[in-house]
Ligand SMILES: Nc1ncnc2c1ncn2[C@@H]1O[C@H](COP(=O)(O)OP(=O)(O)OP(=O)(O)O)[C@@H](O)[C@H]1O
Ligand SMILES: [Mg+2]
């Protein structure tokens, strides 16, 4: 089984390659192609996870359907047969892992919702009992559930690595008060709906990042949604505040990288086949649990 590490769509204009996705311009639309690249500690690893891009794309599509009554989204179609004819020769690279989407003017803010304390949220809390300036009760632990979900926006970093948490007032100054309020309201309502669904599947949605954009039709939900790459998923069965929680999908990868004492500088190492296999199984399990169906291959 081979991993697709990079796409090549002939003359289709490539806009950029992120850590995981390749982005192309297709007429007025965008084509987002999720490869099988995997990142850990902010670096793309030398080995991919076969089908990861397909699994994550199918997870995003599931959520777009579940959430579409809360906010319109950018999806035009994920069916290669409905893509412009010039893309058909590349169906082998695109099938299952690509989305043709409406191009939006993106808000320069990562819209993060947190229901639990972890990562940069936990760091800030330890220093000041706040997250993004929002006061929280004393006595919370790494991994604790918050009294209620909070909107904790961040700036979009240019190198894709280190986003910086910002205050709500700073969002207001970037996008204006009315749109800041709309982004916060949408982010929290999407998080609540998704976290409730995940909970019913035995998965804790600790936090997640949304990106919104604007078209002539107004504000839409863009980018990927509620995938393991944009969210912290924890297994509800093993959740135990008081330390870093195991990552649903990447824990085998992180354990391995710690074991070999990688210095977390480029070039990132590859993974042994056993770690690849076990990680692939976790992505499939996330898909199965969240959607209640098997991945089509
Ligand atoms: N509908 C859309 N219209 C315009 N831009 C979009 C749309 N959906 C997503 N984007 C943008 O496309 C880009 C996708 O890039 P991608 O997430 O793959 O890489 P990145 O953000 O550069 O880095 P990283 O891999 O760290 O996330 C992002 O800048 C995102 O904001
Ligand atoms: Mg991104």
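Every read-out reported here was derived from the displayed coordinates using simple, explicitly stated rules and does not represent laboratory data. Since the structure is predicted, the reported quantities are computational estimates derived from the model, not experimental observations. Methodologically, a virtual Cβ is constructed for each residue, glycine included, from the backbone with ideal geometry; neighbour enumeration extends over all protein chains shown.
Of note:
- Förster-model FRET efficiency, 22 Å R0, residue 189 and residue 293, C-beta, rounded to 0.05: 0.30
- Centre separation in Å (Cα based) which lies between the stretch 1-67 and the stretch 251-297: 16 Å
- Length gained when the stretch residue 156-residue 266 is fully extended (0.36 nm per residue, less Cα-Cα span): 37.4 nm
- With contributions of -39500 (n - 2.57) from each DSSP H run of at least four residues, the per-residue ellipticity at 222 nm computed over the chain stands at -9500 deg cm²/dmol.
- Highest average packing first - 207-213, 7-13, Cβ atoms within 10 Å: 207-213, 7-13
- When 239, 234 are sorted by how many other C-beta atoms sit within 10 angstrom of their C-beta, beginning with the fewest, the order is 239, 234.
- Each residue in 252, 233 was given a count of other beta-carbon atoms within 10 angstrom of its own, and listing them fewest first yields 252, 233.
- Given their separation in residues at 0.36 nm each and the Cα-Cα distance between them, residue 200 and residue 23 gain 60.4 nm when the chain is fully extended.
- Residues listed by number, the stretch 16-40, amide nitrogen under 18 Å from residue 86 label point at 7 Å toward C-beta: 16, 23-33
- Three-way shape call for the stretch 2-82 based on the alpha-carbon gyration tensor, with the a/c threshold at 1.5: oblate
- Using the Cβ-Cβ distance between residue 95 and residue 135 with R0 set to 35 Å, the FRET efficiency from 1/(1 + (r/R0)^6) comes to roughly 0.10.
- For the stretch 177-241 versus the stretch 71-108, the gap between their alpha-carbon centres in whole angstrom: 21 Å
- Applying 0.36 nm per residue to the separation of residue 1 and residue 244 and subtracting their alpha-carbon distance, the gain on full extension is 84.2 nm.
- Mean projected area of the convex hull spanned by the Cα atoms of the chain, taken over all viewing directions: 15.7 nm².
- With the simple model of a label 7 Å out from the Cα in the direction of the Cβ, residue 237 to residue 70 spans 2.7 nm.
- For 285, 296, order by how many other beta-carbon atoms lie within 10 Å, fewest first: 296, 285
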